[in-house]
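The values are calculated or read from the model by the stated rules, or taken from the named source; none is laboratory data. The structure displayed is predicted, hence computed values, not measured ones. Heads up, the Cβs are rebuilt from the backbone with ideal geometry, glycines too, and the neighbour counts pull from every protein chain shown.
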Amino acid sequence: MWSLLHLGKPLSSLSHKDLLLYQHFLPHPQPVAQWTSNGGRKHPRADPRWRPFYGPLSATSQRQAWVILNVMFAWLVQAGYLAGNPLSLSRQRTRRAKPRVTHYLSPALWLVKKWIPSMPHETDREREHAVRMRWLFTLLYLGGLRITEVATNTMGGFFCRRDANGVDRWWLEVLGKGDRERLVPATAEMMAELVTYRHQQGLPPLPLPHEDTPLILPIGQSRKPLTRAALHLIVKQVFSGAAQALRARGDEYMQPADQLELASAHWLRHSAGSNMADQQVDLRLVRDNLGHASLTTTSQYLHADDDRRHKETDEKHRIGW
(Lines give C-alpha, C1' and ligand atoms only; values in the text may rest on other atoms or scores of the structure.)
Protein backbone atom coordinates (compact mmCIF):
# COMPACT_ATOMS: atom_id res chain seq x y z
CA MET A 1 0.00 0.00 0.00
CA TRP A 2 2.81 2.41 0.84
CA SER A 3 4.54 1.62 -2.45
CA LEU A 4 1.43 2.34 -4.49
CA LEU A 5 0.02 5.29 -2.53
CA HIS A 6 3.21 7.09 -1.52
CA LEU A 7 5.54 6.35 -4.46
CA GLY A 8 3.06 5.32 -7.14
CA LYS A 9 5.14 2.20 -7.86
CA PRO A 10 4.42 -1.54 -7.96
CA LEU A 11 6.63 -3.89 -5.93
CA SER A 12 8.57 -4.84 -9.06
CA SER A 13 9.85 -1.24 -9.41
CA LEU A 14 11.08 -0.68 -5.84
CA SER A 15 14.76 0.10 -5.43
CA HIS A 16 17.06 -0.18 -2.44
CA LYS A 17 16.72 3.57 -1.94
CA ASP A 18 12.91 3.25 -1.88
CA LEU A 19 13.12 0.63 0.86
CA LEU A 20 15.31 2.93 2.94
CA LEU A 21 12.53 5.52 2.73
CA TYR A 22 10.05 2.89 3.91
CA GLN A 23 12.37 2.06 6.81
CA HIS A 24 12.16 5.67 7.92
CA PHE A 25 8.37 5.63 7.40
CA LEU A 26 7.66 2.76 9.81
CA PRO A 27 8.55 4.57 13.08
CA HIS A 28 6.43 7.61 12.07
CA PRO A 29 3.69 6.75 9.51
CA GLN A 30 2.77 10.03 7.82
CA PRO A 31 0.28 11.50 7.18
CA VAL A 32 -1.27 10.20 10.38
CA ALA A 33 -4.86 10.57 9.16
CA GLN A 34 -4.13 8.32 6.19
CA TRP A 35 -2.15 5.58 7.90
CA THR A 36 -3.01 5.45 11.62
CA SER A 37 -6.32 4.64 13.31
CA ASN A 38 -7.77 7.40 15.44
CA GLY A 39 -6.83 6.75 19.05
CA GLY A 40 -5.22 3.46 18.13
CA ARG A 41 -8.60 1.71 17.99
CA LYS A 42 -9.01 -1.43 15.91
CA HIS A 43 -11.70 -1.35 13.24
CA PRO A 44 -12.87 -4.06 10.81
CA ARG A 45 -11.18 -4.04 7.42
CA ALA A 46 -14.40 -2.93 5.66
CA ASP A 47 -14.92 -0.02 8.08
CA PRO A 48 -13.98 3.37 6.53
CA ARG A 49 -12.12 4.17 9.77
CA TRP A 50 -9.78 1.21 9.26
CA ARG A 51 -6.09 2.06 8.89
CA PRO A 52 -3.11 -0.31 8.51
CA PHE A 53 -1.36 1.11 11.60
CA TYR A 54 -2.51 1.65 15.18
CA GLY A 55 0.54 3.83 15.82
CA PRO A 56 4.30 3.94 15.20
CA LEU A 57 5.93 0.50 15.10
CA SER A 58 8.20 -0.45 17.96
CA ALA A 59 11.82 -1.34 17.23
CA THR A 60 10.96 -5.05 17.54
CA SER A 61 8.02 -4.75 15.15
CA GLN A 62 10.20 -2.82 12.67
CA ARG A 63 12.77 -5.63 12.66
CA GLN A 64 10.00 -8.21 12.22
CA ALA A 65 8.55 -6.24 9.29
CA TRP A 66 12.01 -6.13 7.71
CA VAL A 67 12.44 -9.90 8.07
CA ILE A 68 9.01 -10.52 6.50
CA LEU A 69 9.77 -8.19 3.60
CA ASN A 70 13.14 -9.82 3.01
CA VAL A 71 11.55 -13.29 2.86
CA MET A 72 8.88 -12.00 0.49
CA PHE A 73 11.34 -10.32 -1.90
CA ALA A 74 13.67 -13.34 -1.82
CA TRP A 75 10.77 -15.61 -2.79
CA LEU A 76 9.71 -13.25 -5.62
CA VAL A 77 13.26 -13.47 -6.97
CA GLN A 78 13.15 -17.28 -6.77
CA ALA A 79 9.76 -17.29 -8.52
CA GLY A 80 11.17 -15.19 -11.37
CA TYR A 81 9.01 -12.10 -10.65
CA LEU A 82 11.98 -9.92 -9.60
CA ALA A 83 15.51 -9.83 -11.00
CA GLY A 84 17.01 -9.06 -7.59
CA ASN A 85 16.18 -8.45 -3.94
CA PRO A 86 16.19 -4.67 -3.21
CA LEU A 87 16.88 -5.48 0.45
CA SER A 88 20.04 -7.48 -0.24
CA LEU A 89 22.30 -4.47 0.32
CA SER A 90 20.73 -3.91 3.72
CA ARG A 91 21.86 -7.39 4.76
CA GLN A 92 25.42 -6.59 3.52
CA ARG A 93 25.77 -9.91 1.78
CA THR A 94 28.01 -10.42 -1.23
CA ARG A 95 26.14 -13.46 -2.50
CA ARG A 96 23.97 -12.76 -5.52
CA ALA A 97 20.33 -13.73 -5.54
CA LYS A 98 19.64 -17.16 -6.97
CA PRO A 99 18.33 -17.20 -10.54
CA ARG A 100 14.98 -18.67 -11.37
CA VAL A 101 14.57 -22.45 -11.20
CA THR A 102 16.39 -24.18 -14.05
CA HIS A 103 15.80 -27.84 -13.19
CA TYR A 104 12.50 -28.32 -14.93
CA LEU A 105 11.25 -29.89 -18.14
CA SER A 106 10.80 -27.37 -20.91
CA PRO A 107 8.11 -28.09 -23.52
CA ALA A 108 10.83 -29.28 -25.90
CA LEU A 109 11.88 -31.94 -23.39
CA TRP A 110 8.35 -33.04 -22.49
CA LEU A 111 9.00 -36.16 -24.57
CA VAL A 112 8.38 -38.13 -21.38
CA LYS A 113 4.66 -37.56 -21.81
CA LYS A 114 4.82 -39.21 -25.25
CA TRP A 115 7.21 -41.97 -24.21
CA ILE A 116 5.19 -43.36 -21.28
CA PRO A 117 2.14 -44.36 -23.42
CA SER A 118 4.52 -46.09 -25.84
CA MET A 119 5.89 -48.41 -23.14
CA PRO A 120 5.33 -52.17 -23.74
CA HIS A 121 1.81 -53.42 -22.98
CA GLU A 122 2.05 -57.05 -24.13
CA THR A 123 2.06 -58.85 -20.76
CA ASP A 124 0.01 -58.22 -17.62
CA ARG A 125 3.15 -57.10 -15.80
CA GLU A 126 4.09 -54.66 -18.57
CA ARG A 127 0.57 -53.20 -18.63
CA GLU A 128 0.59 -52.81 -14.85
CA HIS A 129 3.98 -51.13 -14.99
CA ALA A 130 2.89 -48.71 -17.75
CA VAL A 131 -0.35 -47.71 -16.00
CA ARG A 132 1.50 -47.24 -12.72
CA MET A 133 4.12 -45.06 -14.41
CA ARG A 134 1.47 -42.82 -15.92
CA TRP A 135 -0.23 -42.44 -12.53
CA LEU A 136 3.07 -41.72 -10.79
CA PHE A 137 4.00 -38.96 -13.22
CA THR A 138 0.48 -37.54 -12.92
CA LEU A 139 0.89 -37.28 -9.14
CA LEU A 140 4.34 -35.73 -9.39
CA TYR A 141 3.37 -33.19 -12.03
CA LEU A 142 -0.31 -32.35 -11.56
CA GLY A 143 -0.05 -32.62 -7.78
CA GLY A 144 3.42 -31.10 -7.58
CA LEU A 145 4.19 -33.68 -4.89
CA ARG A 146 7.62 -34.37 -3.49
CA ILE A 147 8.71 -37.97 -4.02
CA THR A 148 8.74 -38.51 -0.25
CA GLU A 149 5.12 -37.36 -0.11
CA VAL A 150 4.19 -39.93 -2.74
CA ALA A 151 5.89 -42.64 -0.68
CA THR A 152 4.35 -41.76 2.69
CA ASN A 153 0.76 -40.67 1.92
CA THR A 154 -2.19 -42.93 1.10
CA MET A 155 -5.28 -42.91 -1.10
CA GLY A 156 -7.35 -42.25 2.00
CA GLY A 157 -6.17 -38.65 1.67
CA PHE A 158 -8.55 -38.11 -1.26
CA PHE A 159 -11.89 -36.58 -0.33
CA CYS A 160 -14.72 -34.73 -2.06
CA ARG A 161 -16.10 -31.38 -0.93
CA ARG A 162 -18.96 -29.38 -2.45
CA ASP A 163 -18.16 -25.73 -3.08
CA ALA A 164 -20.43 -22.67 -2.74
CA ASN A 165 -21.73 -23.18 -6.30
CA GLY A 166 -22.76 -26.78 -5.63
CA VAL A 167 -19.82 -28.25 -7.59
CA ASP A 168 -18.19 -31.36 -6.12
CA ARG A 169 -14.41 -30.88 -6.02
CA TRP A 170 -11.89 -33.54 -5.09
CA TRP A 171 -8.87 -32.81 -2.92
CA LEU A 172 -5.82 -34.73 -1.75
CA GLU A 173 -4.76 -34.05 1.82
CA VAL A 174 -0.99 -34.39 1.98
CA LEU A 175 1.28 -34.61 5.00
CA GLY A 176 4.44 -33.03 3.67
CA LYS A 177 7.79 -31.58 4.63
CA GLY A 178 8.11 -30.61 8.28
CA ASP A 179 4.90 -32.54 9.10
CA ARG A 180 2.87 -29.72 7.52
CA GLU A 181 -0.49 -30.63 6.03
CA ARG A 182 -1.81 -29.08 2.84
CA LEU A 183 -4.68 -29.60 0.43
CA VAL A 184 -3.73 -30.34 -3.18
CA PRO A 185 -6.47 -29.81 -5.80
CA ALA A 186 -7.28 -33.22 -7.29
CA THR A 187 -8.20 -31.95 -10.74
CA ALA A 188 -10.52 -33.73 -13.16
CA GLU A 189 -7.46 -35.10 -15.00
CA MET A 190 -5.92 -36.41 -11.81
CA MET A 191 -9.14 -38.12 -10.74
CA ALA A 192 -9.54 -39.75 -14.17
CA GLU A 193 -6.01 -41.17 -13.94
CA LEU A 194 -6.67 -42.33 -10.37
CA VAL A 195 -9.79 -44.23 -11.47
CA THR A 196 -7.82 -45.87 -14.31
CA TYR A 197 -5.00 -46.89 -11.98
CA ARG A 198 -7.35 -48.25 -9.31
CA HIS A 199 -9.29 -50.22 -11.95
CA GLN A 200 -6.03 -51.78 -13.13
CA GLN A 201 -5.27 -52.71 -9.50
CA GLY A 202 -8.70 -54.31 -9.00
CA LEU A 203 -9.81 -51.58 -6.58
CA PRO A 204 -13.13 -49.66 -6.49
CA PRO A 205 -13.03 -46.55 -8.71
CA LEU A 206 -12.84 -44.04 -5.86
CA PRO A 207 -10.95 -44.30 -2.55
CA LEU A 208 -12.78 -44.79 0.72
CA PRO A 209 -12.26 -42.42 3.65
CA HIS A 210 -9.16 -43.39 5.67
CA GLU A 211 -8.21 -46.03 3.08
CA ASP A 212 -4.62 -47.11 3.75
CA THR A 213 -3.78 -48.13 0.17
CA PRO A 214 -0.46 -46.48 -0.81
CA LEU A 215 -0.58 -43.89 -3.57
CA ILE A 216 1.78 -46.10 -5.62
CA LEU A 217 1.77 -49.89 -5.30
CA PRO A 218 4.46 -52.46 -6.09
CA ILE A 219 4.01 -54.67 -9.16
CA GLY A 220 2.10 -57.80 -8.16
CA GLN A 221 -0.20 -58.52 -5.24
CA SER A 222 1.65 -56.63 -2.52
CA ARG A 223 -0.07 -53.66 -0.87
CA LYS A 224 3.03 -52.39 0.91
CA PRO A 225 4.18 -48.85 0.09
CA LEU A 226 7.25 -48.34 -2.07
CA THR A 227 10.20 -46.57 -0.51
CA ARG A 228 11.42 -43.18 -1.62
CA ALA A 229 14.52 -44.83 -3.12
CA ALA A 230 12.39 -47.28 -5.13
CA LEU A 231 10.21 -44.49 -6.50
CA HIS A 232 13.29 -42.45 -7.36
CA LEU A 233 14.73 -45.40 -9.32
CA ILE A 234 11.45 -45.87 -11.24
CA VAL A 235 11.37 -42.19 -12.23
CA LYS A 236 15.04 -42.25 -13.31
CA GLN A 237 14.34 -45.30 -15.48
CA VAL A 238 11.60 -43.40 -17.30
CA PHE A 239 13.80 -40.37 -17.91
CA SER A 240 16.59 -42.64 -19.13
CA GLY A 241 14.26 -44.46 -21.52
CA ALA A 242 12.87 -41.18 -22.86
CA ALA A 243 16.41 -39.84 -23.30
CA GLN A 244 17.38 -42.90 -25.35
CA ALA A 245 14.33 -42.40 -27.56
CA LEU A 246 15.35 -38.76 -28.03
CA ARG A 247 18.90 -39.70 -29.05
CA ALA A 248 17.50 -42.09 -31.66
CA ARG A 249 16.13 -39.05 -33.51
CA GLY A 250 19.60 -37.85 -34.48
CA ASP A 251 22.72 -36.02 -33.35
CA GLU A 252 20.91 -32.70 -32.94
CA TYR A 253 18.98 -34.23 -30.01
CA MET A 254 22.04 -35.36 -28.05
CA GLN A 255 22.26 -32.28 -25.82
CA PRO A 256 18.58 -32.23 -24.75
CA ALA A 257 18.77 -36.01 -24.26
CA ASP A 258 21.75 -35.59 -21.93
CA GLN A 259 19.80 -32.97 -19.97
CA LEU A 260 16.78 -35.27 -19.75
CA GLU A 261 19.00 -38.05 -18.43
CA LEU A 262 19.87 -35.80 -15.47
CA ALA A 263 16.23 -35.17 -14.58
CA SER A 264 14.73 -36.43 -11.33
CA ALA A 265 11.32 -36.51 -9.66
CA HIS A 266 11.91 -33.05 -8.22
CA TRP A 267 12.21 -31.67 -11.77
CA LEU A 268 8.53 -32.56 -12.21
CA ARG A 269 7.67 -30.53 -9.11
CA HIS A 270 9.64 -27.57 -10.48
CA SER A 271 7.94 -28.08 -13.85
CA ALA A 272 4.54 -27.97 -12.14
CA GLY A 273 5.36 -24.67 -10.44
CA SER A 274 6.80 -23.19 -13.65
CA ASN A 275 3.77 -24.23 -15.70
CA MET A 276 1.27 -22.84 -13.20
CA ALA A 277 3.18 -19.54 -13.12
CA ASP A 278 3.41 -19.45 -16.93
CA GLN A 279 -0.34 -20.04 -17.14
CA GLN A 280 -0.79 -17.05 -14.80
CA VAL A 281 -2.12 -18.99 -11.83
CA ASP A 282 -1.93 -16.59 -8.88
CA LEU A 283 1.48 -17.03 -7.17
CA ARG A 284 -0.28 -17.33 -3.83
CA LEU A 285 -2.22 -20.30 -5.19
CA VAL A 286 0.98 -21.87 -6.54
CA ARG A 287 2.52 -21.44 -3.09
CA ASP A 288 -0.43 -23.23 -1.44
CA ASN A 289 -0.52 -26.00 -4.06
CA LEU A 290 3.17 -26.81 -3.65
CA GLY A 291 3.32 -26.21 0.11
CA HIS A 292 6.29 -23.85 -0.07
CA ALA A 293 7.79 -23.29 3.37
CA SER A 294 9.59 -20.07 2.43
CA LEU A 295 6.44 -18.01 2.90
CA THR A 296 5.35 -19.57 6.19
CA THR A 297 5.76 -16.27 8.00
CA THR A 298 3.65 -14.32 5.52
CA SER A 299 1.10 -16.97 4.59
CA GLN A 300 -1.34 -15.67 7.21
CA TYR A 301 -1.43 -12.35 5.33
CA LEU A 302 -1.86 -13.96 1.91
CA HIS A 303 -4.90 -16.18 2.35
CA ALA A 304 -6.25 -17.63 -0.91
CA ASP A 305 -9.76 -18.96 -1.27
CA ASP A 306 -9.71 -22.77 -1.64
CA ASP A 307 -12.50 -23.01 -4.20
CA ARG A 308 -10.94 -20.36 -6.46
CA ARG A 309 -7.57 -22.13 -6.11
CA HIS A 310 -9.14 -25.43 -7.18
CA LYS A 311 -10.95 -23.82 -10.13
CA GLU A 312 -7.84 -22.04 -11.47
CA THR A 313 -5.62 -25.08 -10.99
CA ASP A 314 -8.12 -27.35 -12.77
CA GLU A 315 -8.51 -24.96 -15.71
CA LYS A 316 -4.90 -23.87 -16.20
CA HIS A 317 -2.65 -26.68 -14.93
CA ARG A 318 -2.98 -29.70 -17.20
CA ILE A 319 -0.89 -32.66 -18.30
CA GLY A 320 -2.86 -33.46 -21.49
CA TRP A 321 -2.23 -37.18 -21.84
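Just a few scattered comments:
- Check on L19, at pLDDT 85 or above and within 17 Å of K9 (Cβ to Cβ): yes
- Filter result (hydrophobic (A, V, I, L, M, F, W, C) and either farther than 16 Å from A74 by Cβ or touching a strand residue (DSSP E or B) at 6+ places or on another chain (Cβ under 8 Å) (or both)) within region 2-19: W2, L4, L5, L7
- W50 surrounded by 15 or more Cβ atoms within 10 Å (Cβ to Cβ), hydrophobic (A, V, I, L, M, F, W, C) and either within 20 Å of V67 (Cα to Cα) or assigned by TED's automatic domain parsing to the domain that holds G84 (or both): no
- The C-beta contact set for region 110-122 (first residue farther than 18 Å from K236 by Cβ, second residue surrounded by 15 or more Cβ atoms within 10 Å (Cβ to Cβ) and not hydroxyl-bearing (S, T, Y), distance under 7 angstrom, 6+ apart or interchain) comprises H121/A130.
- Pairs with Cβ under 9 Å, 6+ apart, first in region 167-182 and free of Cβ contacts under 8 Å to residues at least 24 places away in the same chain, second assigned to a loop (DSSP other than H, G, I, E, B) and of a type in the set (G, A, S): E181/G291
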